[in-house]
Amino acid sequence: MILYAPLVIVTIYSFNDSKSIITWQGFSLRWYFDMFTGPESAKFKVAASNSFIIAIVSATVATTIATLAATAIVRGGAARYRTASLGLLSLPLMVPEIVTAVATLIFFNTIGFSRGLTTIILAHIVFCIPFAYLPIAARMQGIEDTYEQAAMDLYATKRQTFTRILLPLMMPGIISGYLLAFIVSLDDFIITNFVKGAGVETLPTAIFGAVKMGIKPNIMAISTALLLVSVVFVTISYFVAKADNKNK
Amino acid sequence: MEHSKGAAGAVTDTYAKERVWLLMPTWLMLSILVVIPVLIMLVYSFLTKEFRGGVIWEFTFAAYDQFFFDRGLFGDEPVKIEWTYISIYWRSIWQAGLATVLSLLLGFPTAYYIATRPQNSRAVWVFLITIPYWVNLLIRTVSMKFLLRENGPLNDFLLMIEVIDEPLRLINTALAVQLGLFYSYLPFMVLPIYASIERYNFTLSEAASDLYATKFATLTRVILPSIKPGVIAGCILVFVPSLGAFLAPDLLGGAKNFMIGSLIEEQFKGSAGNWPFGAAASMILLSMVLILLMVFSRQQKKAQPQGGQ
């Protein structure tokens with residue numbers, strides 16, 4: 001599989017003992033220790049914690065917004081609203097990322113918002129919404145509304161029906177939407193690179209900055225670690241969705 | 001996958017009264033942070049540049065003029081068409097096009113293979129195809145760079161099996177950019193094609209061969225027309241992001257293989273520092289993409305009624 005070859009090779013080389021990336025000197029975990037103790041570790045630790053803060057906040061907000069939107073679009077009738085909202089939702093997916101990046105930078109600059117963590121989070125929420133929306137809406141379309149009807153016949157209020165019936169049923173969709181939004185945020189480089197202020201780094205921008213100077217073994221270890229996080233998250237998301245299909 | 005009955009019954013109007021409030025956050029976020037910024041960007045592209053980045057609020061066509069026309073250093077020479085930027089756009093279209101063809105050539109057989117597997121293993125295959133997509137694009141591009149290096153694993157391997165005598169110069173070539181783009185967006189090609197092949201009714205091919213159609217005729221006359229929407233969707237999904245790509249040309253292409261993404265980036269982050277020009281370049285890229293998507297959605301609409309769905 002062509003798709004995996006480069007990733008596997010980087011993973012293998014990240015265990016290389018050698019200081020240069022050219023020669024192979026036997027298996028070692030030294031670059032993984034270097035990740036925590038090496039001379040560049042402080043920089044990458046800050047970048048990593050920034051990345052995770054941004055990903056957690058944006059994924060949480062984006063998933064909440066997307067859940068509300070999915071409820072309105074799937075359970076709200078009126079085709080007119082549906083098409084308009086879906087069009088708006090697909091915007092971040094259709095507009096080339098670099099254009100969104102430029103537009104967002106100019107926007108923050110115009111309203112005089114100083115660039116930093118907040119601007120990154122705002123920008124991330126926006127492009128995470130569609131990724132969170134898709135699995136949630138797909139899930140909700142699969143839930144028949146007989147449960148809700150039954151609840152309401154038994155004099156449950158709309159709010160109770162939503163929180164006690166619909167929300168638990170939607171959970172698998174929400175979880176997988178959250179995980180996808182989290183990864184998308186964690187991975188983003190282009191938009192982050194534009195809207196981040198000077199001095200604020202996330203893992204991808206820090207890696208990019210380091211790679212510009214040449215690929216070093218510590219970068220490969222960090223990349224492998226990040227790669228692992230993505231794979232684990234996607235796998236969980238996949239199994240949450242799958243386990244749930246079996247229940248039906 | 002086939003619970004279409006449930007799906008039809010599940011679209012209800014239970015929350016009709018609340019829908020405006022439920023949709024409000026989405027509307028606000030997307031209009032404030034996507035629609036309005038794009039409009040402001042449009043305005044910026046008509047403003048005068050300020051030398052260390054930023055703009056002066058004076059209306060001018062200078063950015064577009066700089067993009068299309070060459071008036072000499074002092075603006076007093078006869079007007080010529082400026083080819084520098086047009087050729088960057090042309091090269092990007094060309095690169096993105098080749099990457100699209102490359103992923104079609106490899107993606108189509110892959111999709112076909114997956115769609116003809118038994119039901120259970122299909123999901124696993126699709127999952128395997130999507131994993132690399134979720135892995136950081138930067139990491140994938142970096143690993144491609146690592147692989148293609150002059151003393152990188154690929155060259156070492158080719159030297160070892162004695163296909164070549166000296167290392168190939170792959171990095172910083174147009175080919176490397178195409179490979180990078182191809183590698184970045186291949187899943188986008190496979191998935192829609194797979195979806196349309198999966199929906200395709202294979203009894204149709206049986207009918208065709210019962211009626212003495214050759215294998216080739218069955219493929220071109222029966223299978224291809226019915227999965228065309230999927231193929232076109234795949235091509236668009238690869239072509240559009242490739243066109244505006246920044247990482248692949250920047251990390252794999254070097255200075256000679258400048259693409260639109262790098263040109264725009266340089267106006268804001270790099271040495272050029274010309275915001276109106278960057279805004280104008282972004283607007284031109286955005287219009288190209290929107291026109292492409294409009295043509296595509298019109299095509300899809302036309303294909304739908306007679307598509308046998």
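The values are calculated or read from the model by the stated rules, or taken from the named source; none is laboratory data. Predicted, not measured: the structure shown is a model, and the values here were computed from it. FYI the Cβ positions are ideal-geometry reconstructions off the backbone, even for glycines, and counts take in every protein chain you see. What goes into the accessible areas is simple: the full protein's heavy atoms, side chains included, and nothing from ligands, DNA or RNA. Shrake-Rupley method; radii C 1.70, N 1.55, O 1.52, S 1.80 Å.
Filter segment A:73-100 for residues that are buried (at least 24 other Cβ atoms within 10 Å of the Cβ) and over 20 Å from B:V238 (Cβ atoms); which is farthest from the other protein chains (Cβ to nearest Cβ)?
A:I73
Exactly one of (1) in a helix (DSSP H, G or I); (2) over 29 Å from B:S31 (Cα atoms) is unmet by A:N193. Its number?
Result: A:N193 fails condition (2) only.
Out of all the residues in segment A:131-171, which are assigned to a helix (DSSP H, G or I), more than 12 Å from every other protein chain (Cβ to nearest Cβ) and of a type in the set (S, T, Y)?
The one that is assigned to a helix (DSSP H, G or I), more than 12 Å from every other protein chain (Cβ to nearest Cβ) and of a type in the set (S, T, Y): A:T163.
Name every residue in segment A:112-169 that is open to solvent by less than 40 Å² (accessible area, probe 1.4 Å) and free of Cβ contacts under 8 Å to residues at least 12 places away in the same chain, in order of residue number.
A:A156
Could you pull out the residue among B:V240, B:V231 that is under 17 Å from the mean Cα position of the chain (by Cα), within 14 Å of another protein chain (Cβ to nearest Cβ), in a helix (DSSP H, G or I) and β-branched (V, I, T)?
Answer to the check: B:V240.
Determine which single condition B:E265 fails, assuming it passes every other condition in (1) closer than 19 Å to B:R91 by Cβ; (2) modelled with pLDDT under 80; (3) of a type in the set (D, E, K, R).
The single condition B:E265 does not satisfy is (2).
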